[in-house]
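The block underneath contains the structure these notes are about, expressed in structure tokens.
No lab work stands behind these numbers, since they all come straight from the coordinates. What you see is a predicted model; the values in this text were computed from it and never measured. Reconstructed Cβ throughout: ideal geometry from the backbone, glycine too, with neighbour counts over all protein chains shown.
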Amino acid sequence: MTDVTGETAARRLTVFLVDDHAMFRAGVRAELGAHVDVVGEASTVAEAIARIGATLPDVVLLDVHMPDGGGRAVLDAMRRSHPNVRFLALSVSDAAEDVIGLIRAGARGYVTKTISPEELAAAIRRVAEGDAVFSPRLAGFVLDAFASRPDVPIADPELDQLTNREREVLRLLARGYAYKEIAKELYISIKTVETHVSNVLRKLQMSNRYELSRWAADRRLV
Amino acid sequence: MIAGVATGLARHLGVPLIAVRIALVVLLGFNGLGLMLYAAFWAVLPQEVPTGAPPPRRDLAMLLPFAAIGIGVVLLQSLAFGDGPAGTVGWLVAIIAVGAGVIWHQSDPSRRGHWADNASQTPWLAAVVAESDRRSFLFRFVGGGVLVAVGIIGVVAIYSPAHGGVTSIFNGVIFALVGLLGVGVVVAPLLWRTFNQLRTEREARIREQERAELAAMIHDQVLHTLALIQRNSTDIKEVQRLARGQERSLRNWLYKPTASPTEKFAAALEQAAAEVEDTYAITVETVVVGDTECDERVAALVAAAREALVNAARHAGVETVSLYAEVEADELSVFVRDRGKGFEMDHVEESRHGVRGSIIGRMKRHGGRAEIRSALGDGTEVRLTLPASRESVTAGKETAR
């Protein structure tokens, strides 16, 4: 998970854009130009799969909704063959099933398209270093999905529950705190905050919790 | 002729009008068969409907004269030629003909298509018509079948070599059943096609309605907003406000939140955030975890949260405010945070109602708590908590006094 740390700090990160809207790709490319190297872009799932394999970027910015399966299809095709390529989901959709689905398919974070260029650049760096990026809304979803429900038996406490500390970190994320502010608030280091969030991401991806596949349908909302 | 039946038949069958008329007149010779057929077809065939107008009702009383004339002719014939089997057979053949005519006519798909077309102009009528139409369709179909069966049984009974007795009637029944089976086999595909046709039409109508609803929504909202944005393109605040409002309404439309703001906590908070967004042209990042029923105390919590949002929008000088709410078993909490100017609580004048009255005081009155953390240049966070249970409310009221 930390195999690229240190190395990334020295050089500029390479980023690949996958989005079916050319206008959006152009916008992101212009905004990110100062922070990272955009090494390629693709507008379809097939194109993305072919060109990501060829360019091997550090981070792929992945649109959730595209024809032919969307970001999910790209993730399913690339995750096993290219474990070193990190994926950050970028979407206008806030629908819970989209977000959770992408994360469970292997994306290391999720941000909405309204994010500011600086925040996006920071999110890319964080994902490239092997950490996770949660938008406030994603943090809210996760809290909701992992809410302790007395009537549901816990199959695997290690994976199916969040620790109190993880819960606190998520709450602060949902309240709009930046990692730095969370660290200050909880008297821990930023690295520790990142570790907590990464652990939550791992639980989100591995957990068999019934709710994770079901809850979006139950609550049917955002 | 009189009721235009010959013309209608000719059109229906696709044969020359004159041929139909000659056939009817010739048939008139056989025991008034032509007359009976004429009357029967008049009663059964659909009248031509002027498009748009509702189909006129067929007056069954008008059938009486024809029946009377027919009976008269038959009586006359039986008097003139004596009571022979030929006369009876003529009658039975007439019955078979009418029955078969009814069945054949009913299974004509174009007629049903015509009905459905008429109905589609008034969608609210369509369902009713289609239902009742199907019932009468079935009714006539069975009626026609019975007529044919009776006729065949009669003919067989008369011409049977056994001449009378149970066997001949039994034979007749078998004949009739075989005949009906044949008719059924012939007609079944037609029937199937007819029902399918009706179903496709209904589905198409539903699709059309959905498309129309979408088109109306885009027209009423999106195009309108785009026009407003173009007109206000120099006023960035206004453009943001318009875009944000439109985005919210599209999201609502797409994901359809089911709860009403007066009943559910989350919906009420989202509505309050939407109002603040609209009024002050800012973005409120709303995250709500869990949900609960709205009551008077929860409404007070929402009102306090709204006040905190308004304060952030007016004084913080930022474009984004975070709103986070969580419903836990024992407590409701709401956090409103901005990264704006911040202020010092001690410097807020006594007369300013916003913070003291609408937020702190209101939370106290309802048994909750409000905590405001702010530092100059570092933004503000308002934390509102409200215990969930009734007992804690009364306890809270005691301490407030």
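Defining a contact as two alpha carbons under 8 Å apart and six or more residues distant in sequence, what relative contact order in percent does the range B:257-317 show? Walk me through the numbers on the way to the answer.
Values: 53 pairs, mean separation 24.3, N = 61.
Relative contact order for the range B:257-317 comes out at 40 percent.
Tally Lys and Arg at +1 and Asp and Glu at -1 over the other residues with C-beta under 14 Å from the C-beta of A:Ala50: what net charge comes out?
Working: positive: A:Arg51; negative: A:Glu41, A:Glu47, A:Asp68.
Taking every Cβ under 14 Å from that of A:Ala50, the sum is -2.
With R₀ fixed at 45 Å, the C-beta to C-beta distance from B:Arg356 to A:Ala34 puts the FRET efficiency at about 0.50.
Any chance you could run the full-extension gain for B:Ser249 through B:Val173? It's 0.36 nm times the residue separation minus the Cα-Cα distance, nm to one decimal.
Details: separation 76, 0.36 × 76 = 27.36 nm, distance 6.90 nm.
Contour length minus the Cα-Cα distance gives 20.5 nm.
Taking 7 Å steps out from each Cα toward its Cβ at B:Glu344 and B:Asp295 produces label points 4.2 nm apart. With N counted as the residues of the range B:261-344, its alpha-carbon radius of gyration over 2.2 N^0.38 Å works out to 1.05. Extension gain for B:Glu275-B:Asn232 works out to 13.4 nm (0.36 nm per residue, less the C-alpha to C-alpha distance). If you plug the beta carbon distance of A:Asp76 and B:Phe139 into 1/(1 + (r/R0)^6) with R0 = 60 Å, you get a FRET efficiency near 0.55.
Hey, fewest Cβ within 10 Å first, where do B:Leu254, B:Leu177 land in order? Don't skip to the answer; put the middle values down first.
Working: B:Leu254 10, B:Leu177 13.
Going from least to most buried by this count: B:Leu254, B:Leu177.
Residues with beta-carbon under 11 Å from that of A:Asp68, excluding A:Asp68: net charge, scoring Lys, Arg +1 and Asp, Glu -1? With Lys, Arg at +1 and Asp, Glu at -1, the neighbours total -1. Each of A:Phe24 and B:Glu213 was given a label point 7 Å from its Cα along the Cα-to-Cβ line. The distance between the two points is 2.6 nm. In a Debye calculation with equal point scatterers on the alpha-carbon sites of the range B:188-311 and no solvent, what is log10 I(q)/I(0) at q = 0.12, 0.14, 0.16, 0.19 Å⁻¹? Each listed q corresponds, in turn, to -0.64, -0.76, -0.89, -1.07.
By other beta-carbon atoms within 10 Å, ranking B:Tyr280, A:Tyr177, A:Tyr187 with the fewest at the front produces A:Tyr187, B:Tyr280, A:Tyr177. Amide H to amide H, with H built 1.01 Å from N, A:Met66 comes under 5 Å of A:Gly71, counting only residues 5 or more places away or on other chains. Seen through its C-alpha gyration tensor, with square-root eigenvalues sorted a ≥ b ≥ c, the range A:4-148 comes out rounded because a/c lies under 1.5. Peptide B:323-330 has a mean shielding of 4, counted as Cβ atoms of other protein chains within 10 Å of each residue's Cβ. In terms of the mean number of neighbouring beta-carbon atoms within 10 Å, the peptides B:240-249, B:283-292 order highest first as B:283-292, B:240-249.
Could you work out how much longer the chain between A:Leu159 and A:Ile190 gets when fully extended? Use 0.36 nm per residue separation minus the Cα distance between them, nm to one decimal. Display every interim value, and only then the final one.
On the way: separation 31, 0.36 × 31 = 11.16 nm, distance 2.32 nm.
In short, 8.8 nm is gained.
Among A:Met206, A:Met78, sorting on how many other beta-carbon atoms sit within 10 Å of each Cβ, with the fewest leading, yields A:Met206, A:Met78.
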